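Working notes, beginning with the structure itself.
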Amino acid sequence: MRKIAIYGKGGIGKSTTVSNLSAALADMGYKVMQIGCDPKADSTKNLTQGKKIPTVLDVLKEKGDEVTLEDLVFLGDKGVLCVESGGPTPGIGCAGRGIITAFEKLEELGAYEEYKPDIVLYDVLGDVVCGGFAMPIRGGYAKEVCIVTSGEMMSLYAANNIASAIRNFGKMGYAKLRGLILNAKNIDNEDQLVEQAAEEIGTKIIFRIPRNKAVQEAENDGKTVIEHNPSSDMAAYYKGLAEEILKEEAV
């Protein structure tokens, strides 16, 4: 079982990238589980016809000890297993704690043993890398980490912070940084900016995703590009990313 955490600054297109990656991997015959680790709980909505699924925290609040895996894991497009950790009411409680609670409950209920996914993708908000947001890389869950970024300054700043956290946890035998996924915004000298950042971080760009209106068109229909327009150039890019992800584990 491959367990991969994908981090990135909010608004960078991380969840779009992850859901299309999940769909592409599933289309290749892999059993995929995608776990959204963001209080907004919208990581998987493009795999579920644009509708948000119940979050682990909300279901726990409603059902308590009577909760089952069927209450938490939902079947999305291409057979992707979808989970959303959720978070507290804004301004009340710790969002990171929500991720910890969700992970612990999934483990307690034997989610990985029950569904036996080939690949688990954790979609993690990367504006902050503390507490629960670091859970996928420090809790022994993900073994590999990719960071989605563009050439925008704040996106690269967040990528550097995430990479620093991964290096620190890597010394303890936890997850290793695989590299950067460049989700292009078409800013001036973008490739060069991200290449320079990758060099300074001590990693590489593992894949470049161009900006294309096909992505927004698919999302407007509540779908991934893989589902909405499988023969498009953008679908081919996401399949290319899937092939790159499958090549080798982090070393």
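The values are calculated or read from the model by the stated rules, or taken from the named source; none is laboratory data. Please read these numbers as outputs of a predicted model, since none were measured by experiment. Cβ coordinates were reconstructed from backbone atoms using ideal geometry, including for glycine residues, and neighbour counts include every protein chain displayed.
Can we say residue 157 is within 21 Å of residue 119 (Cβ to Cβ) and of a type in the set (Phe, Trp, Tyr)?
Numbers: within 21 Å of residue 119 (Cβ to Cβ): no; of a type in the set (Phe, Trp, Tyr): yes.
For residue 157, the condition - within 21 Å of residue 119 (Cβ to Cβ) and of a type in the set (Phe, Trp, Tyr) - is not met.
Does residue 11 meet the test of being assigned to a loop (DSSP other than H, G, I, E, B) and at pLDDT 95 or above? I'd like the intermediate steps shown before the answer.
On the way: assigned to a loop (DSSP other than H, G, I, E, B): yes; at pLDDT 95 or above: no.
For residue 11, the condition - assigned to a loop (DSSP other than H, G, I, E, B) and at pLDDT 95 or above - is not met.
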Candidates 223, 171, 204 - the one that is at pLDDT below 95 and either in contact with a Gly (Cβ under 9 Å, 6 or more places away or on another chain) or not small (Gly, Ala, Ser) (or both):
171
How many of the residues making up segment 21-43 are free of Cβ contacts under 8 Å to residues at least 40 places away in the same chain and closer than 22 Å to residue 110 by Cα?
0
Those residues of segment 120-155 which are under 24 Å from residue 241 (Cα atoms), in contact (Cβ under 8 Å) with a residue 12 or more places away in the chain, surrounded by fewer than 22 Cβ atoms within 10 Å (Cβ to Cβ) and of a type in the set (A, V, I, L, M, F, W, C), in sequence order
154
Looking for something without any contact (Cβ under 8 Å) to a residue 24 or more places away in the chain and part of a loop (DSSP other than H, G, I, E, B) - is there at least one such residue anywhere in segment 157-171?
yes
Hits in segment 214-251 (condition: charged (D, E, K, R) and not in a loop (DSSP other than H, G, I, E, B))
217, 219, 227, 233, 239, 243, 244, 247
Look through segment 159-212, keep the residues that are among the polar types (S, T, N, Q) and within 25 Å of residue 134 (Cα to Cα), and return whichever of them is surrounded by the most Cβ atoms within 10 Å (Cβ to Cβ).
183
Cβ-Cβ under 6 Å pairs, at least 6 apart or on other chains, segment 93-116 side free of Cβ contacts under 8 Å to residues at least 40 places away in the same chain and within 18 Å of residue 134 (Cβ to Cβ), far side of a type in the set (Phe, Trp, Tyr) and part of a helix (DSSP H, G or I):
96/133
